[in-house]
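The values are calculated or read from the model by the stated rules, or taken from the named source; none is laboratory data. Everything numeric here is computed off the predicted structure, so don't read it as measured data. Neighbour counts run over all protein chains shown; Cβ positions are idealised from the backbone, glycine included. Accessible surface areas use protein heavy atoms only, side chains included; no ligands, DNA or RNA. Shrake-Rupley method; radii C 1.70, N 1.55, O 1.52, S 1.80 Å.
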Amino acid sequence: MAKLMNIGFGNLVNTDKIISIISSDSAPAKRMIQRGKEQETLIDATQGRRTKSVIFTEQSRIILSALQPETLAVRFGGNVTEVGEDAKE
């Protein structure tokens, strides 16, 4: 059975279809967002707010969310790694 995750403002995504969740700040993420707009595979779920995370799903869909990637990771049930924590190991 599909499990739905709230990505903000009542918008839901099927967690079985999520490939990755990344921050929208990097240049590659911005290029992927632009490519999604051009190919009409982009879904904007920000409700006009600033995009903070980009969700990549199966079938090359790109979903924009106004929530932080860390918040979405907790909702997804995954482990959240703090910035710089990997450098200590």
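Which count do you get for residues in region 1-24 that are without any contact (Cβ under 8 Å) to a residue 24 or more places away in the chain and either touching a Gly at 6+ places or on another chain (Cβ under 6 Å) or exposed (fewer than 11 other Cβ atoms within 10 Å of the Cβ) (or both)?
3
Across region 58-73, what is the total count of residues that are in contact with a helix residue (DSSP H, G or I) (Cβ under 6 Å, 6 or more places away or on another chain) and buried (at least 19 other Cβ atoms within 10 Å of the Cβ)?
Number of matching residues: 1.
Which of the residues that make up region 25-49 are open to solvent by 40 Å² or more (accessible area, probe 1.4 Å) and closer than 21 Å to F76 by Cβ?
D25, S26, M32, L42, I43, D44, Q47, R49 - these are the residues of region 25-49 that are open to solvent by 40 Å² or more (accessible area, probe 1.4 Å) and closer than 21 Å to F76 by Cβ.
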